[in-house]
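Below is one structure, written out as structure tokens; the observations come after it.
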Amino acid sequence: MKIGFNEGCNRFCKDHSVLEDLNLCEKYGVDYIDIQSECLDREIAAGKYTIDDLAAWFADPAHKLRMLSYNALIFFNMKETQEEKDAVMAELDKIIEICDKLNCKMIVVVPSMDIKRKATLDEIREDAVAVLREMVKKTEPHGIKLSIEFIGAPTMTINRFEDAYRIVQEVGSPYVGITLDQYHFHGMASSFEALEKADGKKIFVWHLNGTENMPCGAAYNTDEVRLWPEEPGDCLDHKRFADALKNIGFEGDVCTMEVFRPAYYELTNEENIKTAAERTRAHVEKYW
Ligand code: ZN
């Protein structure tokens, strides 16, 4: 099992830079990075570096770190107007171009939130299946997979593992799967029974984290309550997550740390990445 780092961990650390993250991940033996689109957009706009600078970094044979995913195309589903639907596809075209330059083979897609329509789960599923089928027509020729990240919050249209899994099953493409984020799984009480019966090949990305034990669906049960795994107060059953993934044949081969805790943004970028790398490595040694 390789180890991964998601920039959710350090996106608001002082003087954050994706280019610096690449060097620090390399230094601390991280195998894969999930690059956060919000970091890229903000830092490229500020003139810190260009996509071509990042491409040159990845092209350097001295560097072993690889980009696991572009994280993320947000709010891809339940669009009402043709204009909104076209905008999602136009954004996807832009992201594919970036992924091709950075040799990235995965785009994480995040469902829409706070929609106006009182859509049923069936309506949401039908819409998501149709949109993903269109999207995968664009990504497959580039060898790029789409990974739905269900978000464990009541306002999100796809917020439980089992709902995301049904969508992925219905799409029926080897290029469309799921990002299993442990915090999100716990956030809306996704079903371990469903995970334990799933096909592990449909899970593309594993986001590792711990979390404080907040009530399911509480407004304050947000990303900010995430913890490094097994910090005091972490309530997750890490053995069960790892065993489930093992037993169902997870082939993603990377365990990626992703926390968004404000206290961790007080660390330097280097301390943050060093800690994440150490904790992820220890987790994999213990449970995998
Ligand atoms: Zn995640």
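Could you check segment 30-49 and list, in sequence order, the residues that are surrounded by 12 or more Cβ atoms within 10 Å (Cβ to Cβ) and part of a loop (DSSP other than H, G, I, E, B)?
Correct list: Val30, Asp31, Lys48, Tyr49.
Just to be sure, is Ser190 in contact (Cβ under 8 Å) with a residue 60 or more places away in the chain and either over 30 Å from Asp93 (Cβ atoms) or within 16 Å of the ligand (Cβ to nearest atom) (or both)?
Considered against the rule, which asks whether it is in contact (Cβ under 8 Å) with a residue 60 or more places away in the chain and either over 30 Å from Asp93 (Cβ atoms) or within 16 Å of the ligand (Cβ to nearest atom) (or both), Ser190 comes out as no.
Give the residues of segment 249-280 that are outside any helix (DSSP H, G or I), within 14 Å of the ligand (Cβ to nearest atom), within 22 Å of Asp234 (Cα to Cα) and not β-branched (Val, Ile, Thr), sorted by residue number.
Cys255, Met257, Glu258, Phe260, Arg261
Of the numbered conditions (1) crowded, with 19+ Cβ neighbours inside 10 Å; (2) more than 14 Å from the chain's Cα centre (by Cα); (3) more than 19 Å from Arg11 (Cβ to Cβ), Leu227 fails exactly one; give the number of that condition.
Going through (1) crowded, with 19+ Cβ neighbours inside 10 Å; (2) more than 14 Å from the chain's Cα centre (by Cα); (3) more than 19 Å from Arg11 (Cβ to Cβ) one by one, Leu227 breaks only (3).
If you check Asn213 against the conditions, is it assigned to a loop (DSSP other than H, G, I, E, B), within 16 Å of the ligand (Cβ to nearest atom) and among the polar types (S, T, N, Q)?
The answer is no for Asn213.
With respect to Ile148, determine if the residue is crowded, with 24+ Cβ neighbours inside 10 Å, within 16 Å of the ligand (Cβ to nearest atom), over 19 Å from Leu245 (Cα atoms) and modelled with pLDDT of 95 or more.
No: the conditions fail for Ile148.
Within segment 61-107, can you find the residues that are small (Gly, Ala, Ser), outside any loop (DSSP other than H, G, I, E, B) and surrounded by fewer than 17 Cβ atoms within 10 Å (Cβ to Cβ)?
Result: Ala87, Ala90.
Which residues, counting only those in segment 10-34, are in contact with a strand residue (DSSP E or B) (Cβ under 6 Å, 6 or more places away or on another chain) and within 15 Å of the ligand (Cβ to nearest atom)?
Arg11, Tyr32, Ile33, Asp34
List the residue pairs whose Cβ atoms are under 7 Å apart, where the first residue sits in segment 170-181 and is at pLDDT 95 or above and assigned to a loop (DSSP other than H, G, I, E, B), the second is surrounded by 16 or more Cβ atoms within 10 Å (Cβ to Cβ) and not small (Gly, Ala, Ser), and the two are 6 or more positions apart or on different chains.
Ser173/Val136; Tyr175/Val136; Tyr175/Thr139; Tyr175/Lys145; Tyr175/Leu146
Please enumerate the residues belonging to segment 165-187 that are more than 13 Å from the ligand (Cβ to nearest atom) and touching a Ser or Thr at 6+ places or on another chain (Cβ under 7 Å).
If the condition is that a residue be more than 13 Å from the ligand (Cβ to nearest atom) and touching a Ser or Thr at 6+ places or on another chain (Cβ under 7 Å), then Tyr175, Gly177 are the ones that fit.
Does Ala189 meet the test of being outside any loop (DSSP other than H, G, I, E, B) and of a type in the set (A, V, I, L, M)?
no
The values are calculated or read from the model by the stated rules, or taken from the named source; none is laboratory data. Fair warning: this is a prediction, and the values are worked out from it, not measured in the lab. Because the Cβ atoms are built from the backbone with ideal geometry, glycine has one as well, and the counts that use them run over all protein chains shown.
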